[in-house]
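Structure first, commentary second.
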Amino acid sequence: MGYYFRTYETVLSKAENPTLVPIIPGRYLICKDTGDIFYDTNDGTRKHLTDIVDIETESARAELLAPLNKFYFVKETAHFWRYTDGSWVDLTPNYDTEFVSTILSANGWTNRTQKITISGLGQNQNGIISLAQDISLTALKAAQKGSLRLIEQSQNALTVTADGIVPTVDIPVIVILMTSNGGNYKTQSKTVTPTKQQQQVTPGDGYFALSDVTVDAIPDNYQDVGGVTATAGDVLTGKKIVGADGSAVTGSMADNGDVSATMDGLTTTSVNVKKGYTSGGTISLTNAIEEALAEV
């Protein structure tokens, strides 16, 4: 048993099997045995990168007179490079390592699984687990028959399962903890201002990733309209307002202009006023009543 867990380097058979090497969005997988490169996307898929230039040695890479803006894989060192904006960017992490020796106890199996404590292991930390070099022949055969594999990594612990025959002897293992000590990653800090349109914030030329993104406060010209209660019927035809949801609303209220009318109080006792807006006017009563009384 010897394989990488949550690491950038693996072999082709494992890269092609997400069960063995889980998909982690944003991660590159480098297959040291074949040179194939895979990338885990944000939608949970693993894409095989094919537009990559293979180079035998690091010196050959450094001697390229006119590198293209592409990805390069150096077979000599198994390093993955990107040439962009006149600069080489090493995409292969560098690691400090720490060795931890422990035992898969013969009495520690429950339902074919066993959790072992690895002090200092982070939930997302890279590393390697393997059988100890001084393993006995009996323990080696037990491990082989057990078809042991790693199924879970958590804070300070690893969980191993036996797909075959559960070992009845102790299995000594070593875990190599990997801690990134940096790498040639050039990151960029960006600031964006909110707009009406969706924005995609990406690193500029020559940068591998964004280190942080600051979103400015909403500009003064983008006011809060949540308290708007007017509707289309409250607004003159042809005029527009901003609705409570921020969208433009075109008015539908009729403009009746100046409304003026008369009534005699005898045959006409009321005046109908059309629904809508009016700029004013006069409703007046004629002297027909006075004239009628004078004739009595």
Lone unmet requirement of (1) in contact with a helix residue (DSSP H, G or I) (Cβ under 6 Å, 6 or more places away or on another chain); (2) surrounded by 13 or more Cβ atoms within 10 Å (Cβ to Cβ) for residue 266
(2)
With respect to residue 86, determine if the residue is among the small types (Gly, Ala, Ser) and touching a Lys or Arg at 6+ places or on another chain (Cβ under 9 Å).
no
Could you figure out which of (1) surrounded by 14 or more Cβ atoms within 10 Å (Cβ to Cβ); (2) modelled with pLDDT under 80; (3) more than 30 Å from residue 70 (Cβ to Cβ) isn't true of residue 276?
(2)
Do we find a residue being in a loop (DSSP other than H, G, I, E, B) and small (Gly, Ala, Ser) anywhere in segment 110-119?
yes
Of all residues in segment 9-30 being of a type outside the set (A, V, I, L, M) and not in a loop (DSSP other than H, G, I, E, B), which is nearest to residue 71 (Cα to Cα)?
28
Selected residue (only one of 82, 61 is outside any helix (DSSP H, G or I), out of contact with any helix residue (DSSP H, G or I) (no Cβ under 9 Å at 6 or more places or on another chain) and among the basic types (Lys, Arg)):
82
Out of all the residues in segment 44-86, which are within 23 Å of the chain's Cα centre (by Cα) and free of Cβ contacts under 8 Å to residues at least 12 places away in the same chain?
47
Looking at (1) in contact with a strand residue (DSSP E or B) (Cβ under 6 Å, 6 or more places away or on another chain); (2) modelled with pLDDT under 85; (3) of a type in the set (D, E, K, R); (4) exposed (fewer than 15 other Cβ atoms within 10 Å of the Cβ), which is the only condition residue 27 fails?
(4)
For residue 89, which of the numbered conditions (1) touching a residue at least 40 places away in the same chain (Cβ under 8 Å); (2) assigned by TED's automatic domain parsing to the domain that holds residue 162; (3) of a type outside the set (Gly, Ala, Ser) fails to hold?
(2)
Tell me which residues, restricted to segment 237-285, are among the polar types (S, T, N, Q) and under 20 Å from residue 225 (Cβ atoms).
247, 250, 252
Search segment 11-34 for residues that are acidic (Asp, Glu) and pair each with any residue that is not in a loop (DSSP other than H, G, I, E, B) when their beta-carbon atoms are under 8 Å apart and the residues are at least 6 apart or on different chains.
33/12
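Regarding residue 138, is this residue assigned by TED's automatic domain parsing to the domain that holds residue 161, out of contact with any Cys (no Cβ under 7 Å at 6 or more places or on another chain) and not hydrophobic (A, V, I, L, M, F, W, C)? Give the steps one after another, and end with the answer.
Numbers: assigned by TED's automatic domain parsing to the domain that holds residue 161: yes; out of contact with any Cys (no Cβ under 7 Å at 6 or more places or on another chain): yes; not hydrophobic (A, V, I, L, M, F, W, C): yes.
Yes, satisfied.
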Yes/no for residue 205 being exposed (fewer than 13 other Cβ atoms within 10 Å of the Cβ), under 57 Å from the mean Cα position of the chain (by Cα) and at pLDDT below 80:
yes
Do we find that residue 112 is closer than 30 Å to residue 164 by Cβ, buried (at least 16 other Cβ atoms within 10 Å of the Cβ), in contact with a strand residue (DSSP E or B) (Cβ under 9 Å, 6 or more places away or on another chain) and basic (Lys, Arg) in this structure?
no
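The values are calculated or read from the model by the stated rules, or taken from the named source; none is laboratory data. A quick note: this is a predicted structure, and the numbers were derived from the prediction, not measured. Please note: Cβ atoms are built from the backbone with ideal geometry, for glycine as well, and neighbour counts cover all protein chains shown.
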